[in-house]
Amino acid sequence: MGKHSSMDRKEYMVMVSDSLVDTGDNPAGDEFAGMGLVARRQYKLHRLAVADPGHRFDDLFNLVAHPMFLYEAWVRVANNHGARSAGSDGITVHRIEAEIGTQKYLEEIRVMLKQGRYRPQPVKERLIPKPGSTKKRRLGIPTVTDRVVQASLKLVLEPIFEADFSSASYGFRPNRRAHDAIAEVHHFTTLGYQWVLEGDIEACFDRIDHTALMGRVRARVKDKRVCALVKAFLKAGILTELGDIEDTHTGTPQGGILSPLLANIALTVLDEAFTSDWAENQPMSTAHRRANRKRSGLGNWRIVRYADDFVVMCDTNQNQCEQARKIAAMVLQPMGLTLSPTKTLVTHIKDGVDFLGFHIQWKPKRGCNKGYVYTFPSQRAIRAVKQKAYELTRRTSQADLETTLIRLNQILKGWANYFRHGASFKTFHHIHQYVWHRIVLWQKKLHKWNWRDIRHWLTTPTGTWKPISAGNTILYNPEHIGITRYRYRGNQIPRPFQPPEPKPA
């Protein structure tokens, strides 16, 4: 899918110029210089939500159906990696562009929304294997139309709920990433929060209670049409791989554009339970108060959450983590969620904690008496990337070597780039050696070579080993990527939905 040109946007703006909703924006104001209509409106929604935590927003539906919001939603859907995937109606983005045209298509959606005729279709089910497991998880693929409406709905709702989300939450939020969550865990375990509760929520996306979730949505959204639209997506149903339609009484299907935002809204109950004591004038609000609590045996805790993965770090003892487990189970229960009794673990940092693919562990530094907290690629992450390499280099494979190298390089570069911020050099060396041997054994079997043939293939006339290559493609070596410590940003993470910085005169 090619990127949409600025000419497309200009043409669309001309087409809808007579139908623009009056949003009260002032494009000429210095505060909004350089911002588009959608960005300006998002900024205003976010600013009001931050200023008044109890404010309930009305008349949001007109923004969801606004031509420019729908166009921005279309651009995001059309340029997404899943644009070529069709939903339950079998229609793709390319087909819409070729047969209907973007302008006519978006106008039809807008009219359906305005007239109340729009109804979400069941999401198409795809069962995909879980990494490192024989189990499969359900992925839902909405229709293109539903993706566009969900994206427009997210453009309107995200600025409002971002004002309420905790700084301890990192998953699927603007300007935040998994490495920020890892850095936060590293920071607090270094400060002495050595006991860790590793939380695992059973089938989180499948079991969120719709009534409880809609209650939290309505706490901020007064517009009944928007609430009805959110509920309609939750109740849209699933078209299974066998062709049956199943009702969705709970959960937010994974794969939907709106699902991560709704899951974060639901899991805010977890953030609130463990961050409320850190608020101003609360028991853990200052270093002095936290020190007093620790001396008295009460201790302190800190939560870090990335979507449905979370850890609670405690600075006293194992019993405090057990108390945190009970609190987590208690606040999740009204949302229809439960903790896995076998996967929710209490661990000391000396034994190591697995979180978001990393293994975080306190270890003594070689050559001195001091110890430090290190982050390594977890064994599960290592097994996952090795399994992918194994599948591509089976000895019975008849695939072209260059094509295989291109795919292997994509996997290795992405994997190494993610883990480059940990103590990963030895692991990168191990992965490179493993992939090298897999390719050599595959080619040895394929061509009925002996090791003399392998040496002839992979050495120069002077006997120096050279990297595996085919055509213009050379096998990527993860050891060549620079290992850099990820800078802990803490409270310095930029807030989203802000006007651009004024350019210097």
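The values are calculated or read from the model by the stated rules, or taken from the named source; none is laboratory data. These numbers come from a predicted model, not from an experiment. Glycine also receives a Cβ, built like all others from the backbone with ideal geometry; neighbour counts cover every protein chain displayed. What goes into the accessible areas is simple: the full protein's heavy atoms, side chains included, and nothing from ligands, DNA or RNA. Shrake-Rupley method; radii C 1.70, N 1.55, O 1.52, S 1.80 Å.
Before moving on, here are some points about what is shown:
- FRET efficiency, residue 191 to residue 448 (Cβ-Cβ, R0 51 Å, nearest 0.05): 0.30
- Residue 488-residue 399 FRET efficiency (beta carbon distance; Förster radius 45 Å; 0.05 resolution): 0.55
- Mean Cα-pair separation over length for the chain, i.e. relative contact order, pairs under 8 Å, 6 or more apart, %: 16
- In sequence order, calculated HN-Hα J values of the range 369-378 (Karplus, 6.51, -1.76, 1.60; Hz; x Gly/Pro): 8, 7, x, 9, 8, 10, 10, 10, x, 6
- Rg and Dmax of the range 321-414, both derived from C-alpha coordinates alone, stand at 20.2, 56 Å.
- Ligands, DNA and RNA aside, residue 198 has an accessible area near 30 Å² when probed at 1.4 Å.
- For Rg/Rh (Cα atoms, Kirkwood Rh), computed directly from the structure shown, the correct entry in (1) 1.13; (2) 0.98; (3) 1.00 is (3).
- Computed over all pairs of different Cα atoms, the Kirkwood value for the hydrodynamic radius of the range 114-219 is 17.7 Å.
- Surface composition of the chain: carbon plus sulfur atoms contribute 51% of the solvent-accessible area (1.4 Å probe, protein chains only, all chains present).
- Cα-Cα separations in the range 110-174 greater than 17 Å, expressed as whole percent: 63
- Ranking 328, 153, 248 by how far each Cα lies toward the positive end of the dipole of the chain (charges on Cβ) leaves 328 at the top.
- Given +1 at the Cβ of Lys and Arg, -1 at the Cβ of Asp and Glu and no other charges, the dipole of the range 197-332 around its Cα centre is 900 debye to the nearest 20.
- Counting only protein heavy atoms and a 1.4 Å probe, the range 274-327 has 49 square angstrom of accessible area per residue.
- Charge dipole of the range 283-398 (Cα centre as origin; +1 on each Lys and Arg Cβ, -1 on each Asp and Glu Cβ, all else neutral): 460 debye, rounded to the nearest 20.
- With a Förster radius of 56 Å applied to the beta-carbon distance between residue 85 and residue 288, the computed FRET efficiency rounds to 0.55.
- Of the residues 409, 258, 344, the one whose Cα sits farthest toward the positive end of the charge dipole of the chain, with +1 on the Cβ of Lys and Arg and -1 on the Cβ of Asp and Glu, is 409.
- Distance violations [Cα-Cα > 21 Å] among 235/326; 135/388; 388/413; 104/231: 235/326; 104/231
- Ranked by solvent-accessible area (1.4 Å probe, protein heavy atoms only, all chains present), the residues 59, 223, 247 order from largest to smallest as 247, 59, 223.
- Under 12 Å, Cβ to Cβ, from residue 223 - net charge with Lys/Arg +1 and Asp/Glu -1: +4
- Around residue 380: net Lys/Arg minus Asp/Glu count, Cβ-Cβ under 15 Å: +2
- Rg and Dmax over the alpha-carbon atoms of the range 354-463 stand at 17.6, 54 Å.
- Using only side-chain charges placed at the Cβ, +1 for Lys and Arg and -1 for Asp and Glu, the dipole size of the chain relative to its Cα centre rounds to 2120 debye.
- Projected label distance in nm at residue 455 and residue 498, using a 7 Å step from Cα toward the beta-carbon: 6.2
- Entry comment: accessible area of the range 138-238 is 31 Å² per residue, from protein heavy atoms only and a probe of 1.4 Å.
- Straight-line cross-link partners of residue 350 among the lysines, defined as a Cα under 23 Å from its Cα and at least 8 positions apart when in the same chain: 294, 363, 365, 370, 426.
- Taking amide H as placed 1.01 Å from N in the peptide plane, residue 301 has no amide H partner under 5 Å among residues 5 or more places away or on another chain.
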